[in-house]
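Everything below concerns the one structure shown next.
Read-outs throughout are calculated quantities, based only on the coordinates presented, and are distinct from any laboratory measurement. Just so it is clear, the structure is predicted and the values come from calculations on it, not from any experiment. Heads up, the Cβs are rebuilt from the backbone with ideal geometry, glycines too, and the neighbour counts pull from every protein chain shown.
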Amino acid sequence: MRNIDKAKVCQAVALLLEGLGEDANAERFRKTAERVANFYGEFLTDNKVCAFNQSALMAEHFTGIVSIKAINFFSICEHHLLPFFGAASIAYLPKANKIIGISKLAEIIKSLAADFQIQERLTQEISDLINKLIDPQGVIVKIEAYHLCLSMQGVKETQAKLQTCIKSGIFLQDQILAAQTLELLKD
Ligand SMILES: [Zn+2]
């Protein structure tokens with residue numbers, strides 16, 4: 001939930017409709033501007049990073065890989081203001097018994113996605129935040145997403161998914177471990 005200037009968004013939506021050759025005052029558009037403003041206010045996160053404080057973290061003796069697969073998310077491409085959506089997967093190897101609650105991993109993904117984004121930066125931000133929160137031995141973040149700007153214009157490709165993947169820490173040094181871990185994250 002983000003505090004937005006609702007009046008300004010409503011004016012902008014009316015102007016957009018007019019610019020597109022529509023009559024913004026027509027009955028069928030009577031509530032459209034307000035609905036659009038409400039949508040953005042509800043969808044966009046307020047302050048995406050500060051919500052993740054130390055309470056998400058736990059101390060637990062665990063020396064294996066922690067992974068979570070296919071967390072669904074929705075985001076808005078900042079280049080076209082169109083949705084992109086898909087699934088993000090995370091794997092990390094803890095250090096010094098520091099682990100992070102599984103629901104928090106899902107929350108991190110959904111919260112960082114609930115913004116104007118590009119997929120590459122979203123992937124990087126998830127990786128950076130996990131590194132910052134629990135300083136693990138390494139993290140892999142993988143995202144696969146459909147982009148409506150690819151599906152609805154230009155080449156109109158509806159089946160292609162953009163894949164992004166970032167490795168850090170030990171996963172950059174140990175290629176065998178990285179390959180085994182990526183195998184865990186496969187569909
Ligand atoms: Zn786009």
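For the chain, the longest principal axis of the alpha carbon atoms and the long axis of helix 175-184 meet at an angle near 60°. Dipole magnitude for the chain: about 260 debye, using +1 per Lys or Arg Cβ and -1 per Asp or Glu Cβ, origin at the Cα centre.
At a temperature of 25 °C and a viscosity of 0.890 mPa s, determine how fast the stretch 84-168 diffuses translationally according to Stokes-Einstein, using the Kirkwood radius over alpha-carbon pairs as Rh; express D in µm²/s, rounded to the nearest whole number. Let's see the in-between values first.
Values: Rh = 13.6 Å.
This corresponds to a translational diffusion coefficient of 180 µm²/s.
Of the residues Met58, Ala88, Thr164, the one whose Cα sits farthest towards the positive end of the charge dipole of the stretch 54-184 is Met58 (charges of +1 on Lys and Arg Cβ, -1 on Asp and Glu Cβ, taken about the Cα centre). Highest GNM mean-square fluctuation among Gln159, Gln137, Gln117, for the chain modelled with Cα contacts below 10 Å: Gln159. With the simple model of a label 7 Å out from the Cα in the direction of the Cβ, Phe29 to Glu157 spans 3.4 nm. Highest GNM mean-square fluctuation, the chain, Cα pairs closer than 10 Å: which of Leu20, Leu150, Leu129? Among Leu20, Leu150, Leu129, the largest GNM mean-square fluctuation belongs to Leu20. For the options Gly21, Gly86, Gly41, a Gaussian network treatment of the chain with springs between C-alpha atoms closer than 10 Å singles out Gly21 as fluctuating the most. Over the chain, the pair-distance histogram of Cα-Cα distances with 10 Å bins from zero comes to 9, 30, 30, 18, 9, 4, 0 percent, rounded to whole numbers.
When only alpha carbons are used to place a centre, the stretch 1-35 and the stretch 166-187 end up 47 Å from one another. Cross-link check: pairs Lys104/Lys156; Lys6/Lys142; Lys31/Lys104; Lys8/Lys142; Lys104/Lys161; Lys132/Lys186 evaluated at a Cα-Cα cut-off of 28 Å; pairs beyond the cut-off: Lys104/Lys156; Lys6/Lys142; Lys31/Lys104; Lys8/Lys142.
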